[in-house]
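**Student:** Here it is: the structure, laid out below.
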Amino acid sequence: MSRSPNTYWNHNAAFHNEVVAHAAARGGRALDVGCGEGLLLERLAGVCDEVVGIELDPPSVERARSRLSGTPGARVLRADVLDPEPVDGLGTFQTVTCVAVLHHLPLEEGLERLAGLVAPGGRLIVVGLAANASAWDWIVSGVSVLPVRVASLWHHETPDIGVPVAQPRESLAEIRRAAARLLPGCRLRRRFYYRYTLVWDRRADEVREVDR
């Protein structure tokens with residue numbers, strides 16, 4: 001399977017098509033939180049008017065800026081998404097994405113911060129990792145090992161792209177409870193590649209002080 005030398009496939013990139021399709025349905029502005037070296041941000045730039053990436057790791061920021069250097073309407077900001085400055089100055093976005101990043105943040109504070117960046121009528125899309133805690137978690141992970149390895153071989157996986165990684169702390173059940181409390185109406189699903197997806201829509205008629 002051939003691909004551009006500037007791209008790759010791994011268990012996170014496996015969800016990029018889905019995320020980009022969500023963003024394409026809304027257009028407007030998109031924010032990728034923890035954008036890494038910018039592959040998803042580059043793809044979002046093809047379907048949105050403006051894209052912003054937030055990344056804390058300096059080498060990843062430089063790689064993302066290099067990748068997006070010739071892309072109109074795209075910028076990469078070195079910042080911690082939980083730091084009010086300069087993130088508060090970005091405004092809100094029709095699409096907010098967060099791929100394999102939420103487990104790097106305090107769960108509830110992270111969810112609240114991400115939700116606060118979503119414009120009325122906009123959507124938050126999280127692709128996340130959860131810790132195995134229950135017997136069912138371990139069973140699902142165990143039976144997934146062989147098919148995931150086959151898929152990884154088929155797609156010529158690039159598992160290490162040189163960005164910071166961390167082990168998840170919270171279980172899927174803990175994440176589900178927090179999300180249900182903080183993001184009413186969100187949809188959370190266990191997915192392939194040891195991931196889950198969380199999708200939440202802010203009501204179009206919800207106007208907050210930041211949107212005025």
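**Student:** If you check every pair at least six apart or on different chains, which have Cβ atoms under 6 Å apart with a residue in the stretch 190-207 that is in contact (Cβ under 8 Å) with a residue 12 or more places away in the chain first and a residue that is open to solvent by 80 Å² or more (accessible area, probe 1.4 Å) second?
**Tutor:** Close Cβ pairs (under 6 Å, with a partner that is open to solvent by 80 Å² or more (accessible area, probe 1.4 Å)) amount to TYR196/ARG190; THR197/ARG189; VAL199/ARG187.
**Student:** State yes or no: is VAL33 closer than 21 Å to VAL148 by Cβ, open to solvent by less than 10 Å² (accessible area, probe 1.4 Å) and either modelled with pLDDT of 95 or more or not aliphatic (A, V, I, L, M) (or both)?
**Tutor:** Considered against the rule, which asks whether it is closer than 21 Å to VAL148 by Cβ, open to solvent by less than 10 Å² (accessible area, probe 1.4 Å) and either modelled with pLDDT of 95 or more or not aliphatic (A, V, I, L, M) (or both), VAL33 comes out as no.
**Student:** For ILE175, indicate whether it is modelled with pLDDT under 95, within 25 Å of HIS22 (Cα to Cα) and surrounded by 12 or more Cβ atoms within 10 Å (Cβ to Cβ).
**Tutor:** No: the conditions fail for ILE175.
**Student:** So which of ALA115, ALA23 ends up being buried (at least 21 other Cβ atoms within 10 Å of the Cβ), touching a residue at least 24 places away in the same chain (Cβ under 8 Å) and either in contact with a Ser or Thr (Cβ under 8 Å, 6 or more places away or on another chain) or not acidic (Asp, Glu) (or both)?
**Tutor:** It is ALA23.
**Student:** So which residues in the stretch 119-133 are touching a residue at least 40 places away in the same chain (Cβ under 8 Å) and either within 12 Å of the chain's Cα centre (by Cα) or open to solvent by 10 Å² or more (accessible area, probe 1.4 Å) (or both), if there are any at all?
**Tutor:** Scanning the stretch 119-133 gives PRO120, GLY121, ARG123, LEU124, ILE125, VAL126, VAL127, GLY128, LEU129, ALA130, ALA131, ALA133.
**Student:** Follow-up question, since we're still on this one. Please work out which residue is modelled with the lowest pLDDT, limiting yourself to the stretch 133-161 and to residues that are closer than 12 Å to HIS11 by Cα and of a type in the set (Asp, Glu).
**Tutor:** ASP160
**Student:** When only residues in the stretch 138-157 that are of a type in the set (Ser, Thr, Tyr) and closer than 26 Å to ALA173 by Cβ count, which is surrounded by the most Cβ atoms within 10 Å (Cβ to Cβ)?
**Tutor:** Ranking the qualifying residues of the stretch 138-157, first place goes to SER144.
**Student:** Among the listed residues ARG189, ARG203, which satisfies the condition of being touching a Gly at 6+ places or on another chain (Cβ under 8 Å), surrounded by fewer than 17 Cβ atoms within 10 Å (Cβ to Cβ) and either charged (D, E, K, R) or assigned to a strand (DSSP E or B) (or both)?
**Tutor:** Only one candidate passes the filter, namely ARG203.
The values are calculated or read from the model by the stated rules, or taken from the named source; none is laboratory data. Model, not experiment: these values are computed from the prediction. All Cβ positions, even for glycine, are placed from backbone atoms using ideal geometry, and neighbour counts span all protein chains on display. All accessible areas refer to the heavy atoms of the entire protein, side chains included, with ligands and DNA or RNA removed. Shrake-Rupley method; radii C 1.70, N 1.55, O 1.52, S 1.80 Å.
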